[in-house]
1. If one takes the longest principal axis of the Cα atoms in the chain, at what angle in degrees, from 0 to 90 and to the nearest 10, does the Cα axis of helix 322-341 lie?
2. If you count, for each residue, the other Cβ atoms within 10 Å and average over each peptide, how do 388-398, 263-273 line up from highest to lowest?
3. What's the exposure ranking of VAL289, VAL469, VAL168, VAL91, going from fewest to most Cβ atoms within 10 Å?
4. Of the DSSP beta bridges with both residues in the chain, give the percent that are antiparallel, rounding to the nearest 5.
5. Stretched out fully, how many nm does the piece from ALA654 to ARG187 gain, at 0.36 nm a residue minus the Cα gap?
6. Considering the alpha-carbon set of the range 553-605 alone, what are its Rg and its Dmax in angstrom?
7. Among LYS156/LYS557; LYS277/LYS443; LYS156/LYS462; LYS334/LYS458; LYS287/LYS458; LYS287/LYS462, which pairs are too far apart, with a Cα-Cα distance over 21 Å?
8. When all C-alpha to C-alpha distances in the range 520-677 are sorted into bins of 5 Å, what percent of pairs does each bin hold, rounded to whole numbers?
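What follows draws every value from the coordinates through simple rules; no lab data is involved. This is a predicted model, so every value here is computed, not measured. Cβ: placed from backbone, ideal geometry, glycine included. Neighbour counts: every protein chain shown.
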Amino acid sequence: MQAVSSTLSGNIRVILIDNPPVNATSQAVRAGLLQAMEQAGADGTTQAIVIACAGATFVAGADIKEFGKPPVDPHLSDVIHAIESSDKPVVAAIHGSALGGGLELALGCHYRVVDAQARLGLPESTLGIIPGAGGIPRLLRLAGVEKALDMAAGGKPIDAVQALEAGVADALAQEDVRGAAMAYAQRLLEQGRGARRTRELPAPAAPATFDAARDRFRASHRGQLAPQACVDVAARSVSADFDAAVTYGRERFRELVASPQARALRHAFFAERVATKPAGLPMEEAKPVRKAGVVGAGTMGTGIAMCFLNAGIPVVLVEQNEKVLASSVETIGKTYRNDVAKGRITADTQRARGEALMPTLQYESLHDCDLVVEAVFEDMGVKQQVLASIEENLRPDALIATNTSFLDIDALAAGLRRPENVVGMHFFSPAHIMKLLENVRGKRSAPRALATAQALGKRLGKVAVMVGVSDGFVGNRMLARRTRECYFMLEEGALPEQVDRVLCEFGFPMGQFQLNDLAGLDVAWRNRQSRLDRLSEREVACNILDEIVAAGRLGQKTGAGFYTYDAQRRRSVDPAISELIVRNAERRGIARRVISDEEILERCLYSMINEGARILEEGVASRPEDIDTIWLNGYGFPRFRGGPMFHADQIGAARICERIRHYASHAGAQYWTPAPLLLAQARDGGAFHGR
Ligand code: T1G
């Protein structure tokens with residue numbers, strides 16, 4: 001199969017790119033395009049050219065797997081230059097996604113016909129790089145500086161209608177985009193309209209300085225280099241001539257592609273694709289979920305019901321308390337009304353979702369569901385009872401998913417007649433927003449049930465990672481280690497604002513105590529009470545949380561927790577909390593000391609990494625990519641650092657083990673013992689990734 005082929009239809013030459021899976025601009029595509037353009041230029045019959053793609057999508061960008069390897073000619077900029085220089089009009093026929101180098105290629109064409117379902121974007125900055133083939137100087141000539149920056153520095157794609165409005169698309173096609181592009185080319189010829197080169201369009205009006213743009217992306221993309229580089233290239237694109245701007249962009253691209261941020265972001269991209277495909281699952285056995293059930297209409301159940309509705313799957317929502325059910329239905333209605341008001345969904349979609357929701361007090365209504373998610377109170381006894389009632393009312397082949405964040409799903413399924421039909425689906429709050437889904441493999445879960453949960457995760461638009469049974473599974477189990485250290489550091493000498501600042505400077509969107517305040521301190525307190533018998537003496541004694549909760553400070557919802565909050569939920573440091581923490585230490589005879597930022601970061605990260613290593617040893621997570629994906633999508637681990645296990649590799653196991661031993665010498669081996677896997681890596685020079 002040829003990556004690029006070309007056929008003549010009347011006087012229109014169609015150049016077809018066919019490079020599965022996503023028509024990336026690998027070397028064969030670049031060389032093939034160049035050759036096809038030369039042929040089209042030389043051929044006397046060809047009057048106009050259409051560039052189209054086979055398969056599910058237009059060109060989705062450069063081949064990310066080629067990054068880091070020595071570049072091979074021809075460069076994409078040269079290919080695009082050749083296309084743009086053509087004397088015969090060139091029309092791009094875009095379907096699926098035109099991303100990165102794919103959109104750059106399309107911008108080098110003279111006209112663009114876009115399928116109504118297509119998406120166009122310059123996501124390079126999400127990979128730590130910038131468009132390297134003239135994307136920014138061309139895009140801002142068509143769409144203006146603001147839009148070009150939103151797309152390139154902000155990494156935000158646009159849909160077909162937005163592309164038309166922005167002047168990026170010249171026409172939309174409802175179906176058969178290739179045919180529509182050929183008809184468009186024919187009309188150009190009839191009207192005597194020829195080549196229209198983007199590079200020859202005047203540079204758009206621009207602000208006197210780009211400082212405001214720099215500030216904007218500094219705030220929205222904290223700590224990241226690529227969005228700033230995009231602004232630099234945009235500034236150069238309006239001040240310098242076109243070719244100089246393209247050359248400058250290529251230089252900046254080259255500098256960034258080798259940066260640690262770009263390596264980490266590439267890792268994140270591929271880690272997510274590895275992690276969402278668990279090895280050895282018979283995906284062909286996945287059962288289609290045509291109708292779903294959710295039992296429990298609290299916060300989680302309500303969010304989960306919306307996940308199904310958003311994916312177009314009808315939902316039976318069962319709740320025993322009439323008031324709770326009514327309030328859940330009201331929340332769902334309000335969410336969708338708000339979505340319509342904000343233009344996120346149409347009134348038709350809102351109506352369809354409303355009709356697809358079947359709230360009820362009766363378990364019997366679950367009888368024709370393919371899968372039911374149990375989302376009731378986090379209590380073993382309650383959940384076991386509810387699961388039994390669900391099973392009683394289901395078809396024998398229907399599946400049951402339990403949404404638990406800590407409980408052992410083997411124990412939950414133990415009393416059921418068909419435990420093989422049970423899996424865990426751990427959604428994160430708010431369930432209809434958060435991308436992460438931890439699917440949990442029970443000892444007796446059938447492969448068919450697991451495959452269904454994975455396939456369903458994808459259908460719900462989630463990043464679904466399969467994990468094993470363990471206290472807190474993967475994410476919460478690692479977080480518990482970090483949380484413990486954070487509280488210990490409070491009693492030893494740190495204050496919440498220092499710990500949170502260090503975590504935010506590292507790149508987390510919020511620190512430990514901001515997170516606690518957001519989730520509710522009563523939730524953390526109840527969790528602590530339920531496991532007091534499993535805590536160490538020191539953990540039980542470390543009662544700062546108990547004192548704060550006793551003072552009626554439950555976090556953001558009460559206007560005060562570790563911080564105080566005003567009506568707009570703006571946070572400020574409260575001296576009363578600093579005092580409470582200092583007094584608590586005094587009373588317990590702890591001499592507080594200055595704790596360095598470095599110590600805070602190490603104790604937060606290394607406690608998690610060490611637990612991550614144990615999770616891998618135990619097989620609770622199968623691969624380090626699974627852990628990285630969980631932390632990137634559920635816990636705000638900074639993407640430009642690749643995830644905790646990737647970050648561990650950057651530090652090196654030897655150094656981590658050395659620091660763990662150091663902390664052990666102060667706090668004891670009970671809290672700090674290097675995991676055997678880390679020790680082995682330290683000894684052999686190994687790493688989590690690329691082993
Ligand atoms: N390079 C290499 N492989 C890629 C790829 C790419 N650009 N995009 C996808 N794949 C692989 C992916 O690993 C998976 O492989 C399979 O394709 C299907 O992907 C010069 C420098 C296009 C919207 O950032 O956003 O252009 O796991 O599972 O859900 O300035 O993939 O099956 O072996 O994601 O249908 C910019 C990234 C590059 C686009 C399709 N482009 N891709 O989603 O399938 S930088 C991007 C996507 C650049 C220029 C610069 C999505 C998709 P496997 P998938 P999907």
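1. The answer is roughly 30 degrees.
2. Working: 388-398: 16.2, 263-273: 19.9.
Highest mean packing first, the order is 263-273, 388-398.
3. Working: VAL289 21, VAL469 18, VAL168 25, VAL91 29.
Least to most surrounded, the residues fall as VAL469, VAL289, VAL168, VAL91.
4. On the way: 17 of 61 bridges.
Just about 30 percent of them are antiparallel.
5. Working: separation 467, 0.36 × 467 = 168.12 nm, distance 6.70 nm.
Between ALA654 and ARG187, full extension yields an extra 161.4 nm.
6. Every Cα atom of the range 553-605 included, Rg and Dmax give 14.1, 39 Å.
7. Numbers: LYS156/LYS557 32 Å; LYS277/LYS443 19 Å; LYS156/LYS462 19 Å; LYS334/LYS458 26 Å; LYS287/LYS458 13 Å; LYS287/LYS462 17 Å.
Violating the 21 Å limit, Cα to Cα: LYS156/LYS557; LYS334/LYS458.
8. Reading upward from the zero bin: 2, 7, 12, 14, 17, 18, 15, 10, 3, 0.
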